[in-house]
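Where a number appears in this text, it was derived from the coordinates with a stated rule and is not lab data. Source: prediction; values computed, not measured. Every residue, glycine among them, receives a Cβ derived from its backbone with ideal geometry; neighbour counts consider all protein chains shown.
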Amino acid sequence: MNNHGVVHFEIPADDPEKLSQFYTRLFGWQVQKLTMGATDYYSTATVETDEHGMPQQPGAINGSIAKRMSPDQRAMNYVNVESVDEYLEKARGLGATVLMGKSPVPGMGYFAQLTDPEGNPFGIWQDSPGAA
């Protein structure tokens with residue numbers, strides 16, 4: 001077995017504040033509004049977390065709710081990989097389309113966004129505390 005589990009989700013919303021309240025009321029998720037650049041980002045904890053915001057329940061993942069960037073934007077899951085560069089190349093070779101190339105999340109890691117051959121969006125994530 002590999003270490004390519006789903007590690008993060010993103011839910012787009014026309015009204016992120018309202019959608020955050022929906023999930024909080026429905027499931028009891030803890031949502032914290034953060035500002036990242038010009039965009040509000042709602043960090044979403046689905047279960048108890050440690051001091052770094054990592055889920056404490058085995059198999060659980062956390063994610064975010066953010067402003068929808070286009071009318072056809074859909075929810076996206078991120079899969080853990082050893083190397084974003086390696087998996088971008090591998091995914092392209094298997095018929096994926098790159099939506100957003102390798103991008104840093106400073107102090108945390110790198111991500112990229114793609115669509116599979118059927119047009120479904122997904123992301124890949126590489127842990128790298130030295131990312132800048």
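Checking each residue in the stretch 15-73 for being of a type in the set (Asp, Glu) and part of a strand (DSSP E or B) picks out only Asp40.
When Asp14 is tested against (1) under 22 Å from Asp127 (Cβ atoms); (2) in contact with a Lys or Arg (Cβ under 6 Å, 6 or more places away or on another chain), exactly one condition is not met: (1).
For the stretch 76-94, filtering for residues that are touching a strand residue (DSSP E or B) at 6+ places or on another chain (Cβ under 9 Å) and outside any helix (DSSP H, G or I) leaves 8.
Name every residue in the stretch 23-40 that is among the β-branched types (Val, Ile, Thr) and either farther than 16 Å from Ile11 by Cα or exposed (fewer than 11 other Cβ atoms within 10 Å of the Cβ) (or both), in order of residue number. Within the stretch 23-40, just Thr35 meets the criteria.
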